[in-house]
1. Two decimals is fine: what is log10 I(q)/I(0) at q = 0.12 Å⁻¹ for the range A:139-232, from a Debye sum with one equal scatterer on every Cα and no solvent?
2. Compute the normalised compactness of the range A:75-126: alpha-carbon radius of gyration over 2.2 N^0.38 Å, N being the residue count.
3. How many partner chain Cβ atoms sit within 10 Å of a residue's Cβ in peptide A:125-135, on average, as a whole number?
4. Is there a simple number for the mean count of other chain Cβ atoms within 10 Å of the Cβ of residues in B:236-244, and what is it?
5. Just the Cα atoms of the range B:180-299, one point each, no solvent: what log10 I(q)/I(0) does Debye give at q = 0.12, 0.17, 0.22 Å⁻¹?
6. Rounded to the nearest whole Å³, what is the per residue volume of the convex hull around the Cα atoms of chain B?
7. So, with +1 on the Cβ of K and R and -1 on the Cβ of D and E, and no other charges, what is the size of the charge dipole of the range A:6-83 about its Cα centre, to the nearest 20 debye?
8. For chain B, what does -39500 (n - 2.57) per DSSP helix run (n ≥ 4), summed and divided by total residues, give at 222 nm, in deg cm²/dmol to the nearest 500?
Amino acid sequence: MYRRPRYLPVGDKGLSVEFGNEVSEEINHQVRRMALALEKANLPGVIEFYPTFRSLFILYNPLELNLKNLIDELKKLEKHMVEIPPPQSRTFEIPVVYGGEYGIDLENIAKFLNLTPEEVIRIHCSQEYLVYMNGFMGGAAFIKMPDQLAPLPRKKTPALWMPAGSVTFAGGLGAVFKVLDGPTGWHVIGRSPLKQWFPEKNPPILILAGDKVRYRPISEREYQEIKKLVEEGRYEVKILEKEKEASGENLK
Amino acid sequence: MEALEVLHKGALTTTQDLGRYGYQRYGVPICGAMDKFALRMANILAGNEEGEAALEVTIMGPKLRVLQGLRVAFTGADLSPQINGLPCSMWCCLPVEKGDVISFGAPRSGCRTYIGISGGIDVPLIMGSRSTHIRTGHGGFGRALIQGDVIHVKEEGKNWDKAITPKKLLEEQIPIYAKDWVARVVLGPQQEYFTPRGLKTFLEGEYWITPESDRMGYRLKGPKIEHRYGADIITDATTPGSVQVPGDGMPIVLLADAQTTGGYPKIGVVISPDQDKLAQAKPGDRIRFEKVSISRAHQLLVDMENKIKAIKNSLTLSSY
């Protein structure tokens, strides 16, 4: 983490507040704390803002808000950030069919990491992951991989098409699961029947930055059963725990 | 109420407004018109608020049947618009009657025409916008228009007196679209990821737009931009205008449908008024990048708004 955040202009309407140059929970918490502080501050001329792994991006209207004034305001907020409780979170259970046609890269992943496929699965599903950010399109949720799985690099040649639901990772980072059908340069370990993208709802996505996820291995049959319920809008995603807010009240 | 029926779909026509804001935190791209100046003009000329949804027509235009008396305005690219087979003027307000047919001929200059329609297009507001995002299938028709689609307008066009001088932009207010473009950029946020030579190449080289270009971004080819620390950064925000440079050293300019985040270093960001210009660039056209300071970029933004104000004023005067 940098001693002080860096303020980096992004074109004529953007500002990136960068807190560090690594993926760590500590840095990401700072990013989301600043997002919270900015939410409360409700500055005129700020159009929107969103957290990424290690920086907060702010879109502003320079016709309304001078860049220097924006940075001054943010520097004031820096001082109050510690007082803001960390964002509330839920832990979602993500069912996954590992390997086979659902996770076509499992064997190769195992070979590269010098593990057996069973060991790879065990490592993958035996821990809780923090969702650092939503991004790309359709609200993809991004996580950091455990050390044993981190050395796997991106594919040299991206796969041109992988279905939504594919659970992927590479270069130390992972997507909880792929939101849309399409290409990916990350390795596919399995597939989840869950959906992330609900454009008609608000918020339009299920898993939010600050939430946590844990994978649960399921059979192909269970995958089909859950998938059907998801498509009919009848599947209730299992929430393993809800963190309580500072006030002690449960989240909705 | 019903306004237009699609008789032939053309290459790619979608509903777009000024974009979808406030949802990037959920990984929802802004979208909206590629050329926001032309969209605003199309609406102003058709008698609408500037930010109403209009049709964005790409290269090969559609064929549309008019279902009720309307005012329409064609702005942006000259794709040879016609009414009932006869060439019609652009950058002005045109009355059309029930049964008229709007069509397009050969593309003459630019890439995207906007059709402003009196009343404004009536499609559901999705996350505050009527813009279409094809990749996720939301907004507008959730896809490009196809034969048989019926476009509704929000309110019946108010009665207008044809005797009043029709609204029209002055010749000098209309942008000229060539095949060589200068895109002004604010350097950063990751210019330190490039060697001095890489930066020099970027600012002095000439790039051409490859066919792998769409509303999400243009892939460019030209002199290779040299990285200093490799082509991977920890994924952060990508905003329309971002010029990201992957490992092959060939820049990609992200535009209206830009993904909200990405992992390639961004050497610079094209300023907003020049994103509008690039919306009119086509595969095969050439681009050079020119560095501007932030304060200059902000002044150019003010200039752009002043220009639009001046146009609005001159239109108000001419209709008396």
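Each value in this text was obtained by applying a stated rule to the coordinates, not by laboratory testing. This structure is a prediction, so every number in the text was calculated from the model and none was measured. Note that we place each Cβ from the backbone using ideal geometry, even for glycine, and neighbour counts take in every protein chain shown.
1. Here log10 of I(q) over I(0) equals -0.40.
2. Numbers: Rg = 19.5 Å, N = 52, 2.2 N^0.38 = 9.9 Å.
Ratio of Rg to 2.2 N^0.38 Å for the range A:75-126: 1.97.
3. The per-residue average across the peptide is 3.
4. Taking all residues of B:236-244 together, the mean is 6.
5. -0.36, -0.75, -1.35
6. Numbers: hull volume 39.2 nm³, N = 320.
Residue-normalised Cα hull volume stands at 122 Å³.
7. 120
8. Rounded to the nearest 500, the figure is -5000 deg cm²/dmol.
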